[in-house]
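A.B. asks: Take a look at this one; I'll ask things after.
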Amino acid sequence: MPTLLQRLQRITPQQLRAFEATARLGSVTKAALALHVSQPTVSVQLREIASALEEPLFETVGRQLRLTQCGGLLQQTIADINGCWQMLESRLAEVHGLVRGHLRIAAVTTAEYFVPDLLGPFAAAHPGVDIELVVENRDRVVERLTRGHDDLTVMMLPPQDLPLEAVPFLDNPLVVIAPVTHALAGKRLQLQRLAQERWLMRESGSGTRMAAEQHFAKAGFQADIAMSLGSNEAIKHAVAAGLGLAVVSRLAVADHLSQAGSADGKLVQLQVQGFPLRRSWSVVWRRDKPLSVAAKRFVSYLQDVPRQSKVRPKSRTSQP
């Protein structure tokens, strides 16, 4: 009788592609469309893998397919295999004195204000590197870190329960903002002076919110949180509308502050004792996963540029 290893060695690349697409898209039909094959073909390939493993790969929850524990392990294994192929490609390129390969970067939402500016010069200098940037909220980024989906991650507060390396590369001052017409604009303030103000916060799990709440707790300050919002754009619009104060990255609001000389200038940075909060952006990666040559080159590139002159913050025009 064949051993498990012997059965695994009989699984074909086509079957693995069918499984990967189904797991990623959550549907056999969508996987078939993506792979340009028939739905029965994908179903047969999935059954053959399940037969080899002697374990189900998916379970049906309502109308959705969900990975079983075995399916999750197979998905991670495929990601590891793909990572090994990419590492081989990168090392072969290194042998020939080239920097080629695929560079996957995940970034938390606030980082979208500057990461593209950093990637532009790097991509121009390394045309052989295919760069993929994914922007998610912090919880999703941490989930990707846990699963090892990406080569590098850009975030402010790396989780402490994972084997990570983190290199700070850019200052990230957090400031208190108010509408430009606020009565306290231009005054030097103690934090307690703002105890009666309404506060707007990013969603729970946001790095900016975590940093603000840590500072408030240390100062013995109780903020009246009136609303939680899921994006910096929503925060900026809500503050400008007079719905409350907020703590945000200065990178996200620089072009909207009245002293920045922008056309609208609807926001003002309040002069609050203890602010700006001095934080840094870091590039993060799994210590237990070797870095590709492209990833190493990008980390070196970030370290070679002065911390305060890497980017010029730009406002975005998207709506909340």
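The values are calculated or read from the model by the stated rules, or taken from the named source; none is laboratory data. Only a predicted model underlies this, so the values are computations on that prediction, with no experimental measurement involved. We place every Cβ from the backbone using ideal geometry, glycine too, and count neighbours over all the protein chains shown.
A.B. asks: Considering each residue of region 128-138, count those that are touching a residue at least 60 places away in the same chain (Cβ under 8 Å) and part of a loop (DSSP other than H, G, I, E, B), and give that number.
C.D. replies: Summing the residues that are touching a residue at least 60 places away in the same chain (Cβ under 8 Å) and part of a loop (DSSP other than H, G, I, E, B) in region 128-138 gives 1.
A.B. asks: Taking region 262-286, which residues are modelled with pLDDT of 90 or more and part of a loop (DSSP other than H, G, I, E, B)?
C.D. replies: Matches in region 262-286: Leu270, Gln273, Gly274, Phe275, Pro276, Arg278, Arg279.
A.B. asks: Just one of Val135, Val167, Val175 is at pLDDT 90 or above and within 25 Å of Phe216 (Cα to Cα); which is it?
C.D. replies: Among Val135, Val167, Val175, only Val175 is at pLDDT 90 or above and within 25 Å of Phe216 (Cα to Cα).
A.B. asks: Now for a separate question. In the list Val141, Val108, Val167, which residue meets the criterion of being within 22 Å of Val293 (Cα to Cα) and touching a residue at least 12 places away in the same chain (Cβ under 8 Å)?
C.D. replies: Val167
A.B. asks: Can you tell me which residue among Met210, Met156 is in the same structural domain as Trp285 (by TED's automatic domain parsing) and touching a residue at least 40 places away in the same chain (Cβ under 8 Å)? Please lay out each step first, then the result.
C.D. replies: On the way: Met210 fails: in the same structural domain as Trp285 (by TED's automatic domain parsing).
So the residue among Met210, Met156 that is in the same structural domain as Trp285 (by TED's automatic domain parsing) and touching a residue at least 40 places away in the same chain (Cβ under 8 Å) is Met156.
A.B. asks: Filter region 33-50 for residues that are without any contact (Cβ under 8 Å) to a residue 12 or more places away in the chain and either within 15 Å of Arg7 (Cβ to Cβ) or of a type in the set (D, E, K, R) (or both); which is surrounded by the fewest Cβ atoms within 10 Å (Cβ to Cβ)?
C.D. replies: Arg47
A.B. asks: How do the pairs read when you match residues in region 228-252 that are closer than 15 Å to Thr181 by Cα with residues anywhere that are among the acidic types (Asp, Glu), using Cβ under 7 Å and keeping only pairs 6 or more apart or on different chains?
C.D. replies: Close Cβ pairs satisfying both conditions: Gly244/Glu197; Leu245/Glu197.
A.B. asks: Can you tell me which residues in region 140-177 are more than 11 Å from Ala106 (Cβ to Cβ) and assigned to a strand (DSSP E or B)?
C.D. replies: Leu164, Glu165, Ala166, Val167, Pro168, Phe169, Leu170, Asp171, Leu174, Val175, Val176, Ile177
A.B. asks: Of the residues Gly101, Gly71, which single one is in contact with a Pro (Cβ under 8 Å, 6 or more places away or on another chain), in contact (Cβ under 8 Å) with a residue 24 or more places away in the chain and of a type in the set (Gly, Ala, Ser)? Please lay out each step first, then the result.
C.D. replies: Numbers: Gly101 fails: in contact with a Pro (Cβ under 8 Å, 6 or more places away or on another chain).
Matching residue, one of Gly101, Gly71: Gly71.
Yes/no per residue for (1) touching a helix residue (DSSP H, G or I) at 6+ places or on another chain (Cβ under 9 Å); (2) surrounded by fewer than 21 Cβ atoms within 10 Å (Cβ to Cβ):
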{"site": "Ala106", "(1), (2)": "yes, no"}
{"site": "Ala123", "(1), (2)": "no, yes"}
{"site": "Leu133", "(1), (2)": "yes, yes"}
{"site": "Glu143", "(1), (2)": "no, yes"}
{"site": "Pro168", "(1), (2)": "no, yes"}
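A.B. asks: I've got another one for you. Assess whether Val154 counts as being of a type in the set (A, V, I, L, M, F, W, C), over 29 Å from Arg287 (Cα atoms) and surrounded by 15 or more Cβ atoms within 10 Å (Cβ to Cβ). Reasoning before the result, please.
C.D. replies: Details: of a type in the set (A, V, I, L, M, F, W, C): yes; over 29 Å from Arg287 (Cα atoms): no; surrounded by 15 or more Cβ atoms within 10 Å (Cβ to Cβ): yes.
Spelling it out, it is not the case that Val154 is of a type in the set (A, V, I, L, M, F, W, C), over 29 Å from Arg287 (Cα atoms) and surrounded by 15 or more Cβ atoms within 10 Å (Cβ to Cβ).
A.B. asks: In this structure, does Ala183 turn out to be assigned to a helix (DSSP H, G or I) and not assigned by TED's automatic domain parsing to the domain that holds Gly148?
C.D. replies: In short, no.
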